[in-house]
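Okay, so here's the structure we're looking at.
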Amino acid sequence: MKPVPPDFPGALMINDQEIESVTEVLKARSPFRFYGPNMVWKTKTFEENFAKFIEVKHCLAVSSGTAALVVGLRALGIGLGDEVIVPANTFIASAGAVLECGATPIFAEIDESLTIDAEKVEEKITPQTRAIMPVHFGGKSCNMDKLMNISERYDLLMIEDCAQACGATFRGRKVGSFGHVGAFSFQINKIITTGDGGAVTTNNSELYTRAVRAHDHGCLRDEDGHLGLEQSPEAFFSTNYRMNELTAAVAVVQLSKIGLIISRMKLRKASVIENLGTLRNFKISKIWDKEGDTGRNLILIANTQERALSLVKELRELGFSAAIPYGGYAVYFHRQIRESKIWKNLPRRTAFKLCPYTEDLLPRSVMIGISPLFTEEHVDVLVRTIVKNDK
Ligand SMILES: Cc1ncc(COP(=O)(O)O)c(C=O)c1O
């Protein structure tokens, strides 16, 4: 078998187009997004194109997915004393961004899709709850019908963490266009990449303006792109989460390739699933909208942790990207979360054994990366290895 392509979908599609785009910025000697000797406006172009792609009114490019979450939360006015409901299964940045804003992440169970269990969100709502953060985990959407319904009924803000699911849809609508704000990452493991980078999306002009402030020292720039001594009551303290023109030069080209990347991953994933047939000891994890899945990951749930681990080990030996998500630990087990001041001050009732279902499910889950560059042979070996481990 030819070596399995490493699990970097967007990065492996980089070619002369990205190189030319970056060169253009360098030749113009204008790597800063707001002004320079000969602007080529890559960041502005990316924002316009990304807003069109997600089908929202506004997009703000930022320096990372984490920055997108922090900027999004600050735009929503989330801060000290506020609670944000976050799934117990996610990358640390989702909960970390809430803590960074001085608010408290409250963890909710996931369901068999490994995304937040909409049925379990309601029991976590308190008078302090301001927002829900659905995380579209593993290239696919959460159960958005139910989550939108809860957000509307309880008048809660919604920030979607779309870091892992750029281009995914739910009932034909792109993730990142449901909530009050959406947050995207273009880190190297993501569907499209700029190395590091991110974007905030919203349909609300006021939130967009607040996001612009939140990503740029709390201020708005003048027509020439300079930060003045702004005395507006709307100004607030924030720091620098800006994207630069070199990053945006890559982002513009990567975005133009996203359709191709997703269609290839979808095709390969469908072919794996079709050939797996009926499994006895593994289940394919639930997908709330199969049509809208980007195909980025195949997630299997084993009946035992041992079986999950041995599949991961064998797939890795063959060169596939396979892992028990986050080592099988709910995000609140991260030392950084538990050691944070806010978490330490949480009442004891919320401190331990918060989400037993998640704690049982995660260690039995196997997350496999699907590459747009898989050949039929890769698909075949992947299928055979899973079937062998199902015995
Ligand atoms: C669910 C989730 N949220 C947020 C992030 C943070 O993105 P970044 O690494 O670009 O800061 C990531 C990935 O890294 C992620 O997987």
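Note on region 158-206: among residues that are in contact with a Leu (Cβ under 7 Å, 6 or more places away or on another chain) and not in a strand (DSSP E or B), the one that is nearest to the ligand (Cβ to nearest atom) is I192.
Being within 14 Å of the chain's Cα centre (by Cα) and within 14 Å of S238 (Cα to Cα), is that true of even one residue in region 72-91? Yes.
Taking the stated definitions as given, is L373 crowded, with 22+ Cβ neighbours inside 10 Å and either of a type in the set (F, W, Y) or modelled with pLDDT of 95 or more (or both)? When the stated conditions are applied, L373 does not pass them. Within the option set V62, V22, being assigned by TED's automatic domain parsing to the domain that holds K174, within 16 Å of the ligand (Cβ to nearest atom) and modelled with pLDDT of 95 or more holds for one residue only, V62. The condition of being among the hydrophobic types (A, V, I, L, M, F, W, C), surrounded by 23 or more Cβ atoms within 10 Å (Cβ to Cβ) and in the same structural domain as G65 (by TED's automatic domain parsing) holds for only one of A248, A235, that being A248.
Does region 115-126 include one or more residues that are buried (at least 24 other Cβ atoms within 10 Å of the Cβ) and within 11 Å of the ligand (Cβ to nearest atom)? Within region 115-126, one or more residues are buried (at least 24 other Cβ atoms within 10 Å of the Cβ) and within 11 Å of the ligand (Cβ to nearest atom). For beta carbons closer than 7 Å, sequence separation of 6+ or different chains, a first residue in region 186-204 that is polar (S, T, N, Q) and a second that is part of a strand (DSSP E or B) and near the ligand (Cβ under 7 Å from one of its atoms), the qualifying pairs are T193/Q187.
The values are calculated or read from the model by the stated rules, or taken from the named source; none is laboratory data. Note that the structure is a prediction, hence the values are computed from the model and not measured. Neighbour counts are summed over all protein chains in view; Cβ atoms, including those assigned to glycine, are modelled from backbone coordinates with ideal geometry.
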